[in-house]
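Trainee: Below you'll find the structure I mean.
A short reminder: the numbers here are calculations on the coordinates, not readings from a lab. This is a predicted model, so every value here is computed, not measured. For neighbour counting, all protein chains shown are included, and Cβ atoms are generated from backbone atoms with ideal geometry for every residue, glycine included.
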Amino acid sequence: MTGRSRIRRLALQGPTATCQGMFPAEAGPSVAAVRRLFPWLGRVVRGGTFFRIPSDFAGSLPVARLRRLSHMRTLGVAGLMGCLSLLHARAAPAERLQACSIVSIGIDSTHAYTGGSASAILGEAIGETFVADDTLIQSVTVWRPALQDTNYAPMKFWITTVDTLTGAPQPSSTILSGDTLIVPFGDHVHATAIRYSFSPPLALPHRGQYFFAVQNTCAGYFDLLYDVSDDYPLGKAWRTSRSNFSGCGLAGALELGGDLIFTIEFCGTSTPVLRRTWGDLKARYH
């Protein structure tokens, strides 16, 4: 019996039979099977012996989109809804994420230098080397000066390795090519927080030194608050070179002196997270 014939027969018996017939309870669904039947789910993440429906699914079903898929003529909306519900319930106990035990490093914005700020334009990036005592990052926050209360410049997030001998960033050795945010408005009174969040937490390859940077992607400009008092002795502020004529990537870095005003929130190492390959991480956060 062909796979399509088997699914058609199971669908006639109802959602539960459809799901159990496709994915035996003792084995759990395979990556290939889930991706073949539910391609709209995108990435499917391994968790124990089963696979978790992505958190952004949130139990809702894009029925209008599903009806356009060819396999819907065989499986039917009811069968798919029932199967997804069973898979989600089956996988959730093995992969339920607990709240992070937050550990923060950085420099409070009240320590910002009042005589100026660090600018980025034409592909430059402003960043900070830091030491990670934990490997799970929940968020990274930097601050734009209050006077830049209206700014549409894109701000792209990066994490790279660091030369362990010199402490200098290695922009060509990228760990994460992250989100690009546009935070257009502030209140003209307080510094504007630019926060990069990761859910599930971003897993660094190991504890140690890293470099994060916020890049101007060759449109407009922005400034970030920094500190001249060396209030974070484990790192330094750096600016990468302009790259508007070379693809607008990260170029070589020069030390600025002082530190960027920043906060990195780590999850305590006892916090469960979804295990991903580096390819999955780059695909998710690129």
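Trainee: Of the chymotrypsin sites (Phe, Trp or Tyr not before Pro) in the stretch 157-255, which ones lie in a loop per DSSP and count no more than 13 other C-beta atoms within 10 Å?
Mentor: Filter output for the stretch 157-255: PHE245.
Trainee: Test of understanding: ordering THR114, THR129 by Cβ neighbours within 10 Å, fewest first, what list do you get?
Mentor: Details: THR114 8, THR129 25.
Listing THR114, THR129 from fewest to most nearby Cβ atoms yields THR114, THR129.
Trainee: Is the shape of the stretch 102-285 rounded, prolate or oblate, going by the alpha carbon gyration tensor and its root eigenvalues a ≥ b ≥ c, with a/c under 1.5 for rounded and a/b larger than b/c for prolate?
Mentor: Numbers: a/c = 1.36, a/b = 1.27, b/c = 1.07.
Here the stretch 102-285 falls in the rounded category.
Trainee: Continuing with this model, one more query. Charges at C-beta only: +1 for Lys and Arg, -1 for Asp and Glu. How large is the resulting dipole of the stretch 110-259 about its Cα centre, in Debye rounded to 20?
Mentor: 400 debye
Trainee: Using modelled backbone amide H atoms (1.01 Å from N, in-plane), which distant-in-sequence or interchain residues come within less than 5 Å of ASP227's amide H?
Mentor: Amide H to amide H, under 5 Å and 5 or more residues apart or across chains, ASP227 pairs with TYR113, ASP259, LEU260, ILE261.
Trainee: Something else now. What distance in nm lies between label points placed 7 Å from Cα along the C-beta direction at ILE102 and ARG195?
Mentor: 0.7 nm
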